[in-house]
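My questions all concern the structure below.
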Amino acid sequence: MKVLFVRKAMPLSNPWIENFFVGPLQMRCSVVTDRETGDTIIIDGGDEPQRLIGWIDSFVGQGPDWSTGPSCIEEAKQNNLPKRRVVALVNTHAHFDHSGFIPVLKEHYDVDWFLHPDDTMLQTLAQKSGLRYGLQLPNPAEADKALEASKWHDFGSISLQVLHTPGHTLGGCCLLIEVEDAPNHVFVGDTLFAGSVGRTDIPHSGGDFELLASSIHTQLWPLELDTVVHPGHGPLTTIGHERASNPFVGDAAGSGVYGFGKYA
Ligand SMILES: [Zn+2]
Ligand SMILES: [Zn+2]
């Protein structure tokens with residue numbers, strides 16, 4: 001029997017979103033806060049945990065590379081922003097650049113880590129994969145809770161819809177946040193990039209270009225065109241821009257043997 005899932009949290013109004021490019025692969029870690037409650041989630045806390053903790057807890061250190069929030073503690077106070085409380089760690093997928101330092105964040109915040117179960121095996125390899133880049137990673141974390149395809153998950157007052165988008169990895173997911181009277185935001189990991197798509201040739205990941213293209217076409221293209229896309233690497237983009245121009249999966253991609261867009 002199908003289990004019904006009732007969403008309790010409302011769309012956010014004016015969410016406070018910060019992007020940090022972390023680690024040698026400059027992976028985008030996103031921190032999302034509800035300005036009303038202070039409830040905060042960390043998406044893909046894969047590296048530089050002390051930088052994240054320093055900024056989230058007390059506005060010290062380098063801070064984010066992109067933000068819709070205050071740039072210092074004085075500004076936060078002026079705007080009557082509540083103290084932030086991290087309520088969950090959530091991942092788009094389990095490649096080491098996205099998940100390698102989750103154990104440090106888990107220990108500091110003592111909250112559950114959410115991952116799609118189809119990436120469980122991949123997660124056990126994080127330490128080994130990191131070594132290839134000269135990274136000494138802690139023993140890999142195990143996910144506490146499973147992300148479930150198509151469902152809304154409430155993390156405190158923040159609600160995320162999980163769009164399961166296999167193709168880059170088996171358990172790859174995109175995470176959608178609805179915003180009141182403004183564009184929504186979707187955190188896509190390495191499924192989609194500005195002008196490109198995720199690699200499908202990484203060992204032990206279950207990569208498959210046709211599956212990836214199908215995931216993008218069925219899960220991402222139906223979203224509102226002005227939805228802001230936060231890829232795991234590189235610049236921000238929108239669903240509309242990628243639909244129109246992405247050479248691999250956009251409307252302009254060829255579907256014949258000479259086109260990149262093999263999936264019709
Ligand atoms: Zn990846
Ligand atoms: Zn990545």
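Each value in this text was obtained by applying a stated rule to the coordinates, not by laboratory testing. Since this is a predicted model, take the numbers as computed values, not measurements. Cβ placement follows ideal geometry from the backbone for every residue including glycine, while neighbour counts extend to all protein chains displayed.
Do the conditions hold for ARG7, that is, is it touching a residue at least 60 places away in the same chain (Cβ under 8 Å), under 28 Å from LYS151 (Cβ atoms) and not in a strand (DSSP E or B)?
When the stated conditions are applied, ARG7 passes them.
Do we have any residue at all in the range 49-70 that's surrounded by fewer than 23 Cβ atoms within 10 Å (Cβ to Cβ), among the basic types (Lys, Arg) and in contact (Cβ under 8 Å) with a residue 24 or more places away in the chain?
Yes, some residue in the range 49-70 is surrounded by fewer than 23 Cβ atoms within 10 Å (Cβ to Cβ), among the basic types (Lys, Arg) and in contact (Cβ under 8 Å) with a residue 24 or more places away in the chain.
Test PRO82 against the stated conditions and say whether it is touching a residue at least 40 places away in the same chain (Cβ under 8 Å), surrounded by fewer than 19 Cβ atoms within 10 Å (Cβ to Cβ) and within 30 Å of GLN127 (Cβ to Cβ).
The answer is no for PRO82.
Taking THR169 and the conditions (1) under 17 Å from ILE41 (Cα atoms); (2) within 12 Å of ligand 1 (Cβ to nearest atom), which numbered condition does it fall short on, given that it satisfies the others?
Every listed condition holds for THR169 apart from (1).
Please count how many residues of the range 185-194 are within 16 Å of GLY250 (Cβ to Cβ), within 12 Å of ligand 1 (Cβ to nearest atom) and not in a strand (DSSP E or B).
The number of residues fulfilling the criteria is 1.
Ok, one more. Looking only at the range 195-222, which residues are at negative phi, surrounded by fewer than 20 Cβ atoms within 10 Å (Cβ to Cβ) and away from ligand 1 (no atom under 11 Å from the Cβ)?
Selection gives SER196, ASP201, PRO203, ASP208, GLU210, LEU211, SER214, HIS217, THR218, TRP221, PRO222.
Kindly list the number of the only condition in (1) within 16 Å of GLY23 (Cβ to Cβ); (2) in a loop (DSSP other than H, G, I, E, B) that fails for PRO82.
Answer for PRO82: the failing condition is (1).
Please give the number of the condition GLY134 fails out of (1) in contact with a helix residue (DSSP H, G or I) (Cβ under 7 Å, 6 or more places away or on another chain); (2) surrounded by fewer than 16 Cβ atoms within 10 Å (Cβ to Cβ).
Failing condition for GLY134: (1).
Name the single residue that is nearest to THR169 (Cα to Cα) among those in the range 223-247 being within 16 Å of ligand 1 (Cβ to nearest atom) and crowded, with 18+ Cβ neighbours inside 10 Å.
GLY232
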